[in-house]
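*Asks:* Shown below is the structure under consideration.
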Amino acid sequence: MSENNEETTTIGARLKAARTAKGLTIDDLQQITKIQKRYLIAIEDEQFDKLPGDFYVRAFVKQYAETVDLDGNALLEEYRDQLPSVHTETIVENVDEVQPTRVASREQPASPASRVRNYLPTIIVTAIVVLILLFIWFMAVRTHAGSSSSTSADSSSVQVSSSKKQSSSSKASSSAKSSSKAPSAKEQTIKANGSSDTAYTLTNGADKNKVVIKSTKAAWTSVTTNGTQTWQGTLKADGSHTLTLPSNATTVKFQFGNATATTVTINGKAFNFNPKNSTSQVRTITLTIK
């Protein structure tokens with residue numbers, strides 16, 4: 001009985017239980033974290049020697065834990081005896097080898113000439129920037145002076161023609177009032193294609209639609225436009241990513257690794273891609289733009 005309790009309290013079993021509780025497979029976890037499947041299996045089996053190195057053991061374990069809603073730092077601290085530690089002895093030896101050279105370099109103070117040479121690139125760049133700013137200021141003042149003189153020369157002719165334009169504008173305003181009002185801009189709509197909850201159509205959108213993706217938990221997302229991947233990445237908890245679709249976009253495919261924790265807005269309006277409240281975390285949504 002005690003052996004079973006010890007087995008379930010190991011870090012590999014703890015992570016595997018959390019993954020199973022979230023309904024994720026190893027393939028799902030690989031897609032979300034981008035960690036190779038064989039490394040994820042090695043972590044659950046606690047075969048840490050199969051990972052690239054001690055640093056990657058701790059990094060992969062932390063990312064695995066946060067993806068399944070565990071506190072990565074707390075887990076590393078709790079199971080630090082089960083995880084390999086970085087070999088600091090080798091680092092200390094390497095530092096001792098180069099230490100005499102560093103001491104010798106500190107014993108030789110830099111001369112004033114060498115200090116000037118060190119700062120010379122910065123001085124040159126600063127001087128160039130100042131000259132450019134002075135040139136821009138000079139051209140702006142010159143242009144402003146020319147425009148002021150031309151404006152004063154044209155003001156008299158403008159005053160003569162303004163009286164004639166006032167009479168014609170009054171007639172134009174009266175005729176404009178009698179004309180019909182211009183139609184208002186149509187509102188953006190996103191509707192499901194029939195009874196489908198994975199295919200939608202966007203109408204009356206912008207020329208270049210702005211998409212904002214947010215997530216309350218760690219979530220992997222991919223956006224593909226007209227068959228070409230526009231963006232993919234893993235958002236942290238309460239993270240967001242903004243992207244602008246090209247003007248020729250006609251089909252956009254969203255792939256969510258944690259759909260229930262992810263929201264999407266298009267041009268500032270919410271895109272409800274889960275109207276049936278599906279509990280599936282890994283989902284693919286297709287949006288047609290008209």
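*Asks:* Would you point out the residue of the range 199-210, among those that are hydrophobic (A, V, I, L, M, F, W, C) and under 22 Å from residue 276 (Cα atoms), that is nearest to the chain's Cα centre (by Cα)? Lay out the reasoning, then the answer.
*Replies:* Kept after step one, since they are hydrophobic (A, V, I, L, M, F, W, C), are these residues of the range 199-210: 199, 202, 206.
Among the residues that remain, those that are also under 22 Å from residue 276 (Cα atoms) are: 199, 202.
Details: 199: 25, 202: 23 Å.
My answer is 202.
*Asks:* Taking the range 14-40 on its own, how many of its residues are part of a helix (DSSP H, G or I), under 26 Å from residue 279 (Cβ atoms) and open to solvent by 30 Å² or more (accessible area, probe 1.4 Å)?
*Replies:* Step one: list which residues in the range 14-40 are part of a helix (DSSP H, G or I), which gives 14-21, 26-33, 37-40.
Cutting the leftovers down to under 26 Å from residue 279 (Cβ atoms) gives us 14-21, 26-33, 37, 40.
So of that shortlist, the ones also open to solvent by 30 Å² or more (accessible area, probe 1.4 Å) come out as 14, 16-17, 20-21, 27-28, 30-31, 37.
Total satisfying the criteria: 10.
*Asks:* Can you name every residue in the range 214-224 that is modelled with pLDDT of 90 or more and either in contact with a Gly (Cβ under 6 Å, 6 or more places away or on another chain) or not in a loop (DSSP other than H, G, I, E, B) (or both)? Let's see the steps before the verdict.
*Replies:* From the range 214-224, those modelled with pLDDT of 90 or more are 214-217; that's our starting set.
214, 215, listed by residue number.
*Asks:* Next question, about the same structure. All but one of (1) at negative phi; (2) without any contact (Cβ under 8 Å) to a residue 60 or more places away in the chain; (3) of a type outside the set (Val, Ile, Thr) hold for residue 226, so report the exception by its number.
*Replies:* Status for residue 226: all satisfied but (1).
*Asks:* Out of all the residues in the range 225-242, which are over 18 Å from residue 190 (Cα atoms) and in a strand (DSSP E or B)?
*Replies:* 228, 229, 230, 231, 232, 233, 234, 235, 239, 240, 241, 242
*Asks:* If you take the residues in the range 257-290 that are polar (S, T, N, Q) and touching a strand residue (DSSP E or B) at 6+ places or on another chain (Cβ under 7 Å), which one is surrounded by the most Cβ atoms within 10 Å (Cβ to Cβ)? Step through it out loud before you land on a result.
*Replies:* So in the range 257-290, the residues polar (S, T, N, Q) come out as 258, 260, 262-263, 265, 267, 272, 274, 277-281, 284, 286, 288.
Right, trim to touching a strand residue (DSSP E or B) at 6+ places or on another chain (Cβ under 7 Å) and you get 258, 262-263, 265, 267, 284, 286, 288.
On the way: 258: 24, 262: 22, 263: 16, 265: 15, 267: 15, 284: 13, 286: 16, 288: 14.
Applying the filter and picking the extreme gives 258.
*Asks:* Still on this structure, I have one more. Working only within the range 232-256, note down all residues that are open to solvent by less than 60 Å² (accessible area, probe 1.4 Å), at pLDDT 90 or above and under 17 Å from residue 30 (Cα atoms).
*Replies:* Scanning the range 232-256 gives a single hit, 255.
*Asks:* A further question follows. Cβ-Cβ distance below 8 Å, separation of 6 or more or different chains: which pairs start in the range 188-212 with a residue that is of a type in the set (Lys, Arg) and end on one that is open to solvent by less than 30 Å² (accessible area, probe 1.4 Å) and assigned to a loop (DSSP other than H, G, I, E, B)?
*Replies:* That search, which allows pairs on different chains as well, returns 208/245; 210/245.
*Asks:* Would you be able to tell me the number of residues in the range 41-54 that are closer than 15 Å to residue 79 by Cα and either modelled with pLDDT under 90 or assigned to a loop (DSSP other than H, G, I, E, B) (or both)?
*Replies:* Filtering the range 41-54 for residues closer than 15 Å to residue 79 by Cα gives 43-48, 54.
Now restrict to residues that are either modelled with pLDDT under 90 or assigned to a loop (DSSP other than H, G, I, E, B) (or both): 45-47, 54.
Count: 4.
The values are calculated or read from the model by the stated rules, or taken from the named source; none is laboratory data. Computed from a predicted structure; not experimentally measured. A quick note on method: Cβ atoms are made from the backbone with ideal geometry, for glycine too, and the neighbour counts reach across all protein chains shown. Accessible surface areas use protein heavy atoms only, side chains included; no ligands, DNA or RNA. Shrake-Rupley method; radii C 1.70, N 1.55, O 1.52, S 1.80 Å.
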